[in-house]
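Structure, as structure tokens:
Throughout, read-outs are computed from the coordinates displayed, never taken from laboratory work. Quick caveat, the model's predicted, so the values are computed rather than measured. Every residue, glycine as well, gets a Cβ built from its backbone with ideal geometry; the counts of neighbours run over all protein chains shown.
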Amino acid sequence: MGKKRIVKDSMGTMEVDESALYGAQTQRAIDNFPVSGRKMPEEFIRGLLLIKKNAALANEKLGCLDGSVANPIRLACDELLGDAALMDNFPVDVFQTGSGTSSNMNANEVIANIATRIGGSTIDPNDHVNFGQSSNDVIPTAIHVSARLGIEQSLKPALLHLINTIEEKASTVSGFCKTGRTHLMDAMPVRMDQTLLGWASQLRHGMSLLTAGSDSLQGLALGGTAVGTGINTHPDFATTFSELLSSELGIEFKRGENFFALMGSQDPTVALSGQLKALAVMLLKIANDLRWMNSGPLAGLGEITLEALQPGSSIMPGKVNPVIPESVAMVAAEVIGNDATVTIAGQSGNFELNVMLPVIADNVLSSILLLSNSVVLLADKAISSFQVNEAQLNNALHKNPILVTALNPVIGYLKAAEIAKIAYRENRPIIDVAAENTDIDYAELQSLLDPHKLTEGGL
């Protein structure tokens, strides 16, 4: 065991590793919550540090902290934000006190320790770093800040990259026509670009949901302190803090309209989680379409060939699997599950405080991270690189009896159904069966049954 030092908090003394930057309250949390081994997400910790930095600057600007205190706190936060080993200083388990007080004090203690070294005089975790704040307004603020940063800086750019990749791919495959499918059964033909642009449209809707969700996180709880009344903080603190944070990040934040709502509930974050789930559902649909289109190559649809990325079997030589769509599908399942957790946690607002804040932060930020990474993989290693198997498309298309639908206005539904059944039974091209069973000229049938023409709709 390493050397220990004795540290003190309001409950007494604790032994802490001599090299640790945190203090007694963090050590108590380590001892109290050996639950999962999962730390709070790094994105959350970075959001927390940004809050502490700008809170110190706001308090200095308002005359609540001297520059000799505020400046070392600022420098300490910047030092931590630039430290590759940042998370070594933040060991508290996700499943801790529901207010996130353990994580808030973890940050206060670490910052105070570094700030004391920088400034040369004692910086107190509570009286200085936490001045004008409470865990009860800091942690809801950290959730909003970290989630909004994740969406604006990671997820939205990644999603836009996927949308652009799909649309670019669509422009290269517009000449290919394929059998449409409803209920997984043969249906009228569609162009390959129509399928892809349908995906892109889904995702653009997802982008609009994310934008709305991100915008709903602008309002911050900081300034509400213990119960929403703003006790022990300057009346202008919340506004000043939000202005400073917005200026540093280039992303708009503002004083929350109602601290009681922002601390007693997590409604905007619950809604955001639902929007992330909706995006996951969209991605699951696209991933499964790709898997079906790629299936085979001999006994499946075989319409496309996805990029071969790794051997697909430890026992079947030569097998290659659709690994990227499968990975995306698993991410979707995880995000859907995360939303269930956030939904349950979101209803745990008891009077003036929600008491499941850490698990809300963990699950929402996990969803943002997973989706950000997976959509880039989907774009770069599946969508952009798949090849169209034209011969397979045409073989299935020209034997598709459902093409007879185009003859409905000419020969009627019942006669068309009769022709389709013969074509199915005899496994013959629909045009040959139609030529034998109607008075329509073969050239006219070629025009009426042209798959590409049928993708344009109309009579």
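A few notes on this one:
- Order of Ser103, Ser214 - criterion: other Cβ atoms within 10 Å of each residue's Cβ, fewest first: Ser214, Ser103
- Restricting attention to segment 4-131, the count of lysine pairs at 8 or more positions apart or across chains with alpha carbons under 23 Å apart stands at 6.
- Taken along the Cα-to-beta-carbon direction at a fixed 7 Å, the label points for Ile315 and Asp432 span 4.1 nm.
- Under 20 Å from Lys285, Cα to Cα: aspartates and glutamates that are on another chain or at least 8 residues apart: Glu167, Glu168, Asp186, Asp193, Glu303, Glu307, Glu326, Glu334, Asp339, Asp380
- Dividing the summed helix terms, -39500 (n - 2.57) for each DSSP H run of n ≥ 4, by the number of residues in the chain produces a 222 nm estimate of -18500 deg cm²/dmol to the nearest 500.
- Residue order, fewest to most surrounding Cβ atoms within 10 angstrom, among Arg74, Arg28, Arg117, Arg148: Arg117, Arg28, Arg74, Arg148
- Within-10-Å neighbourhood charge of Ala76 [Cβ basis; K, R +1; D, E -1]: +2
- Principal-axis tilt of helix 156-172 within the chain, Cα atoms, nearest 10 degrees: 20
- Ranked Leu249, Leu298, Leu155, Leu210, criterion: other C-beta atoms within 10 Å, fewest first: Leu298, Leu249, Leu210, Leu155
- Filter on Lys156/Lys453; Lys277/Lys399; Lys421/Lys453; Lys169/Lys277 - keep pairs with C-alpha separation over 31 Å: Lys156/Lys453; Lys277/Lys399
- Charge tally in the Cβ shell below 11 Å around Ile411, where Lys, Arg are +1 and Asp, Glu are -1, Ile411 excluded: -1
- Under 5 Å from the amide H of Ala226 lie the amide H atoms of Ile231, each residue being 5 or more positions distant or on a separate chain, with H modelled from the backbone and absent for Pro and chain starts.
- Using the Cβ-Cβ distance between Asn373 and Asp439 with R0 = 45 Å, the FRET efficiency computed as 1/(1 + (r/R0)^6) comes to roughly 0.15.
- Of the chymotrypsin sites (Phe, Trp or Tyr not before Pro) found in segment 6-104, those that fall in a DSSP loop while having at most 16 other beta-carbon atoms within 10 Å are Phe95.
- Counted by Cβ distance under 12 Å from Gly346, the other residues give a net charge of -2, where Lys and Arg count +1 and Asp and Glu count -1.
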